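Values quoted throughout were computed directly from the atomic coordinates according to the rules given, and no laboratory measurement underlies them. Since we're looking at a predicted model, the values are computed, not measured. We place every Cβ from the backbone using ideal geometry, glycine too, and count neighbours over all the protein chains shown.
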Amino acid sequence: MGVLFYIVSLCFPLLALHPMNFEFGALGKSNKIEIGLHTGFAGGVVRGVFPVVRGEIDFKVENLPSTRGVVKLDARSLKFGHYKVTGDVHSMDWLDSMQFPQISFTLLGLQEFHWQKKSLVATASGRLRMKNRNIALSIPLSIQYYRAERRKVDGISGDLLALKGETTISRSEMGINPGMMMDTVMDPIKIKINLVGGSLKIRPFLPSALFDKDR
């Protein structure tokens with residue numbers, strides 16, 4: 001795989017010279033991060049959502065491990081379909097969102113990547129900061145690149161980068177009501193990611209199925 005990226009960077013040097021920056025906040029409703037709390041009631045799941053996502057990613061197709069980025073969430077914006085659940089989540093024992101209003105994930109690179117037709121499958125490795133905790137977190141992602149498609153979304157000339165993935169975190173590890181209510185709300189918290197970033201320029205050449213060694 002590394003040899004293929006090296007060959008392509010020689011054939012298309014613009015890839016190496018112009019890493020693409022994609023910004024999340026500008027595309028508004030195209031972005032959301034969903035939270036699933038697994039309850040002890042017949043295996044039910046209570047779902048919440050962060051409706052506003054900010055941040056950016058410097059996507060380097062010729063050197064994916066060096067891709068960097070950050071996703072920022074306002075902890076106070078998390079809402080669930082149940083009023084009481086929303087209130088409990090923002091309490092001191094849970095997110096304590098008034099004292100710790102910012103949640104962030106810092107991307108430190110894309111690993112274990114391969115192409116499946118037009119999608120790049122990779123693991124996003126980074127650090128999650130929540131409350132007073134900072135832990136390593138890996139998120140499996142499916143990434144799609146849309147050249148010159150941003151104009152269709154908000155009228156601005158540029159490319160789109162769509163990222164989808166799911167992972168879980170331990171609420172005990174993050175200091176979210178640790179050791180309590182384990183028979184009511186399970187320890188794993190499911191995170192579902194749907195992000196679309198927009199660039200301010202159009203890439204001359206694209207990632208393609210040429211990278212797929214199984215082609």
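In straight-distance terms, cross-link reach from Lys60 covers every one of the lysines whose alpha-carbon lies under 16 Å from its own, apart from those fewer than eight places away in the same chain; here that gives Lys201. Treating r as the C-beta distance of Asn134 and Lys164 and R0 as 41 Å, the FRET efficiency rounds to 0.95.
Database remark: amide H of Gly109 closer than 5 angstrom to the amide H of Ser125 (H placed geometrically; neighbours at sequence offset of 5 or more, or on other chains; Pro and chain starts carry no H). Give, to the nearest whole percent, the P(r) tail of segment 92-147 beyond 14 angstrom, counting all Cα pairs. Tail of the P(r) past 14 Å holds 61 percent of the pairs.
For segment 135-140, backbone phi angles converted through the Karplus equation (6.51, -1.76, 1.60; θ = phi - 60°) give residue-by-residue couplings of 10, 6, 9, 10, 10, x Hz, Gly and Pro being listed as x. Using every pair of distinct Cα positions in segment 82-124, the Kirkwood expression returns a hydrodynamic radius of 13.6 angstrom. The phi torsions of segment 118-130, fed into the Karplus equation with coefficients 6.51, -1.76 and 1.60 and a -60° offset, translate into couplings of 9, 10, 9, 9, 8, 10, 8, 9, x, 10, 9, 10, 8 Hz, rounded to whole numbers, with Gly and Pro shown as x. Straight-line reach from Lys32: taking Cα to Cα under 17 Å and skipping same-chain neighbours fewer than 8 places apart, the lysines in range are Lys72, Lys79, Lys164, Lys190, Lys192.
May I ask for the percentage of alpha-carbon pairs in segment 52-133 that lie more than 16 Å from each other? Roughly 61 percent, rounded to a whole number.
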